[in-house]
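Data block below; observations after.
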Amino acid sequence: MTTAISVEAIGIDKRFGGFTALDAVSLKVAKGSMHFLLGENGAGKSTLVKCLLGYYRPDAGSFLVDGREVEISRPADADALGLGMVYQHFTLVPAMTVAENLVMSRADVPAVINWAQERVALDAFMRRMPFQVPLDAEVGSLAAGERQKTEILKQLYLERRLLVLDEPTSVLTPQEAEEMLGLVRGLAHSGAITAIVISHKLKEVAKFADEVTVLRRGRRTGGGPAPVLTPADMTAMMIGEPQAPSEPERLGAPEPAPRLELRGVTTVGDQGRAGLEIGSLAVRPREIVGIAGVSGNGQATLVEVLGGQRAPSGGQVLVEGAPYDGSRDLAQARAVRVLPEEPLRNGCVPRMSVTENLNLRGFDRDAGGARCFWLDRGGMVARARRLIGGYRVRAPSAEVPIGVLSGGNVQRCVLARELDGEVRLLIVANPCFGLDVKAVAEVRARIMAARNAGAAVLLVSEDFDEILELADRILVMHGGRVVHETPGPGADAQSIGAHMLGSH
């Protein structure tokens, strides 16, 4: 039975004060299709989807569902129409079972739940599904691919007829990504759902999309049947140029002596996750070591240890042969820089200005690096202007709170701050997460330039293509341990994926 619905947006406008986020945007998604929505960071994709799902009210325009104009003024209206979303970050409760997550997601959960009755209904529901997950397993114990499946199952359980998937493969292995997108396409082509997929990965578009719509600076710049659009066509629509910037050039070979060493480093596990058990790990000057792994296998803990946010329970961290604890004084003395994951939360003070955030690293140092006790406001402003111009940060002014900037511009600010001056060791975590094609190319080029200039770079990334593009050497983490090592050039993606899943 076909339950999928068609959706059409006609002339949608959305303004935030004097800023126009959407300008007469129209979108037509056919029933039972897999429609990809592309565009640069800040192009309006999320705003359009939030209007469709009732989180924003458009200033002009209308939506049609199955050819009938509908009013979507709040999320409950979208729920009633069968519109749902699978978010970029998991929304399930890790300590609850799959069954408990499904039942508790309903709006009509009774005060006293008859679990025997619910289990009968859940078993019947699962028999109708094209894929399975264990109902009695705690979500926190599932691999990322299984959790993503559970997110989709939750939406199907809630009888959604159209699903929006926001960057659905961002935390999956290559194998999991292929499987998940294949499952969604199968559901769409069977008539069970209609799917709108927000993605930056043109390889996914080429393989799985039926139709494509591209937004740029709040306007629709093109689209059409995916089979007739080339990557150059879609890139031109997204960034106004037929090609994204070329891959950064790798210059020079790694030096022999390590700049960063971990020896027997351990941490205490928490929140149901295993702690680190890293026997040895080394990064040399003029080398990018890429850390691959499914989210939750110790990568975040490793970055916290190296960034001074978590103390190891055992072992040694050495920088240039001397003990290193990640303190601000040692980081400045050894020229260690950190570009953290979610930089707005972990690397910035959202309510402070762009100028102040760009000066967080050196506001208390003079030009020679010695401590000073009076703020040099003029010097801070000049430095901020130089970095804003050099890294093409788009901001209303240097004095607005950094929290009002788009994700890509926050990333540019933190990158500018961390790469300014001498950099001997660079620790980078998911630097391009959620960024557009052009911003991704720019960030990767900056990282490669630091490597070519002699920095040792530890790159922790859940974007497998990023690891393959940038790394001189690849390490795979699973369960808090390094379980596999391979040279970056010519690496076997399938073998790395198997080690990421712990199945090799």
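The values are calculated or read from the model by the stated rules, or taken from the named source; none is laboratory data. In this text the structure is predicted, and so the values were computed from the model without any measurement. As a convention, Cβ positions derive from the backbone with ideal geometry for all residues, glycine included, and neighbour counts pool all protein chains shown.
Criterion first (over 24 Å from PRO431 (Cβ atoms), assigned by TED's automatic domain parsing to the domain that holds VAL393 and in contact with a Cys (Cβ under 7 Å, 6 or more places away or on another chain)) does ARG371 satisfy it? No.
Here are some residues: LEU475, LEU459. Which one is within 21 Å of SER280 (Cα to Cα) and within 18 Å of the chain's Cα centre (by Cα)?
Working: LEU475 fails: within 18 Å of the chain's Cα centre (by Cα).
Checking each option against the conditions leaves just LEU459.
When the helices (runs of 4 or more DSSP H) confined to segment 272-388 are screened for residues that are under 28 Å from the mean Cα position of the chain (by Cα) and surrounded by 16 or more Cβ atoms within 10 Å (Cβ to Cβ), those reaching at least 3 such residues are found at 299-306, 343-346, 354-358.
Restricted to segment 49-71, and to residues that are assigned to a loop (DSSP other than H, G, I, E, B) and within 28 Å of the chain's Cα centre (by Cα), which residue is nearest to ARG15 (Cα to Cα)? Across segment 49-71, the extreme among qualifying residues is PRO58.
Of all residues in segment 153-167, those satisfying the criterion of being surrounded by 20 or more Cβ atoms within 10 Å (Cβ to Cβ) and in contact with a strand residue (DSSP E or B) (Cβ under 6 Å, 6 or more places away or on another chain) are GLN155, ARG160, LEU162, LEU163, VAL164, LEU165. Among the residues here, VAL65 does not qualify as within 22 Å of ASP166 (Cα to Cα) and either at pLDDT below 90 or of a type in the set (S, T, N, Q) (or both).
Pairs meeting the criteria (first residue in segment 177-192 and within 14 Å of GLU151 (Cα to Cα) and in the same structural domain as GLN148 (by TED's automatic domain parsing), second residue part of a helix (DSSP H, G or I) and modelled with pLDDT of 90 or more, beta carbons under 6 Å, at least 6 apart or on different chains) are LEU181/PHE208.
Of all residues in segment 72-88 being of a type outside the set (Gly, Ala, Ser) and assigned to a strand (DSSP E or B), which is farthest from GLU167 (Cα to Cα)? Ranking the candidates gives LEU83 first. Evaluating GLU399 against the criteria (1) surrounded by 19 or more Cβ atoms within 10 Å (Cβ to Cβ); (2) outside the structural domain of GLU469 (by TED's automatic domain parsing) leaves one unmet condition, (1). Can you name the residue in segment 33-55 that is of a type outside the set (Gly, Ala, Ser) and touching a Gly at 6+ places or on another chain (Cβ under 6 Å) and is also surrounded by the most Cβ atoms within 10 Å (Cβ to Cβ) among such residues? In this case the residue turns out to be LYS45.
Could you list all residues from segment 483-504 that are surrounded by 21 or more Cβ atoms within 10 Å (Cβ to Cβ) and closer than 25 Å to VAL305 by Cβ?
Looking only at segment 483-504, we keep the residues that are surrounded by 21 or more Cβ atoms within 10 Å (Cβ to Cβ), and these are 496-497, 499-500.
Correct list: ILE496, HIS499, MET500.
Give segment 184-208 a look and list any residue that's in a helix (DSSP H, G or I) and in contact with a Lys or Arg (Cβ under 7 Å, 6 or more places away or on another chain), or say none.
Of segment 184-208, the ones in a helix (DSSP H, G or I) are 184-189, 202-208.
PHE208, the sole residue that qualifies.
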